[in-house]
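Just so it is clear, none of the values below were taken in a lab; they were calculated from the coordinates. Note that the structure is predicted; figures quoted are calculated from it, not measured. Don't worry about glycine lacking a Cβ; one is built from the backbone with ideal geometry, like all the others, and counts go over all protein chains shown.
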Amino acid sequence: MTLSALSRRDSPLWRIIEHLQRNGSATIKELEEVLGITTTAVRQHLHTLQAEGYIERRIVHAGVGRPHHAYFATARVQELFACHCDDLALTLLEEVFHLEGEQRAIELLNRVGVRLAHKYAPSVRSSLLQDRVGELAAAFNSQGILADAVIDEEGTIALRTYNCPFHELAQEHREICEMDRGMLEKVLGSDVRLSRCMMEGHTGCTFTVRHKEAAPSATDGAPVEGATLHVSV
């Protein structure tokens, strides 16, 4: 199987990969329910993905019940979401660090973050912060970045992403993570904190979103043109 075999986002193979990315793991029974197909068909798809190194089966010990098998995505899955320009981008960024120094490289990444903010800002139109995060998550999903907007029992709003288009680049330069965080602040017009990061071994990244306590300045965290900030929930 080649990567092109997973290009159809409605195929069972892709739906398995996406489910594992979003949920961390799954059993055969769970995948039967998600896909609406037989156990035999699920096993065939899992065998294909496992043979190509995209998933792995592990024994899970949970609670007082008997151990059971579950399936997990491997690190190779990131290839499916990568922008396929990491080698060039990494080389260019390393040259900037070498020739111009760390401060100039960070300035460059900040400018890239502003450009990305302008790209996503037109998709974020709601006056409610929770809805704005949902709109941004939808825009990310349309670009192949798996994302959800969530709110917990305490009312904390968060944006969760389950893959990174700059995965290899971010592994070498964590400044990419800060660029993403700053970009989210600009689009949402809110304070954003990276509370969980896949570069630290988590299954995805969680960006906690809060209303700004002070009025945004023109250069720090203000929503870019095309996005309007209101702070009611």
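Quote to one decimal, in nm, the extra length available between I151 and S11 on full extension: 0.36 nm per residue of separation minus the C-alpha distance between them.
Details: separation 140, 0.36 × 140 = 50.40 nm, distance 2.97 nm.
Extending this stretch completely gives an extra 47.4 nm.
With the Cα gyration tensor of the range 6-159 giving a ≥ b ≥ c as the square roots of its eigenvalues, does the rule (a/c under 1.5 for rounded; else a/b larger than b/c for prolate; else oblate) give rounded, prolate or oblate?
prolate
Among residues other than A70 whose Cβ falls under 11 Å from its Cβ, what is the net charge (Lys/Arg +1, Asp/Glu -1)?
So the surrounding residues net to +1.
Applying the Karplus relation 6.51 cos²θ - 1.76 cosθ + 1.60 with θ = phi - 60° to the range 154-170 yields 3J(HN,Hα) values of 8, x, 6, 9, 8, 10, 10, 10, 10, 7, 10, x, 10, 4, 5, 5, 5 Hz, where x marks Gly and Pro. 3J(HN,Hα) along the range 29-35: 4, 4, 6, 4, 5, 5, 8 Hz, from the Karplus curve 6.51 cos²θ - 1.76 cosθ + 1.60 with θ = phi - 60°, whole Hz, x for Gly and Pro. For V60, nonlocal amide neighbours, meaning residues 5 or more places apart or on other chains whose placed amide H falls under 5 Å from its own, are H68, H69, A70.
Here the 3J(HN,Hα) profile of the range 40-47, calculated from phi with Karplus coefficients 6.51, -1.76 and 1.60 at θ = phi - 60°, is 4, 5, 4, 4, 5, 5, 5, 4 Hz, Gly and Pro shown as x.
Take the Cβ-Cβ distance between R66 and R196 as r, set R0 to 41 Å, and report the resulting FRET efficiency rounded to the nearest 0.05.
On the way: r = 30 Å, r/R0 = 0.74.
Here the calculated transfer efficiency is 0.85.
For R196, the residues whose amide H sits under 5 Å from its own are T206, ignoring neighbours fewer than 5 places away on the same chain, with H placed 1.01 Å from N.
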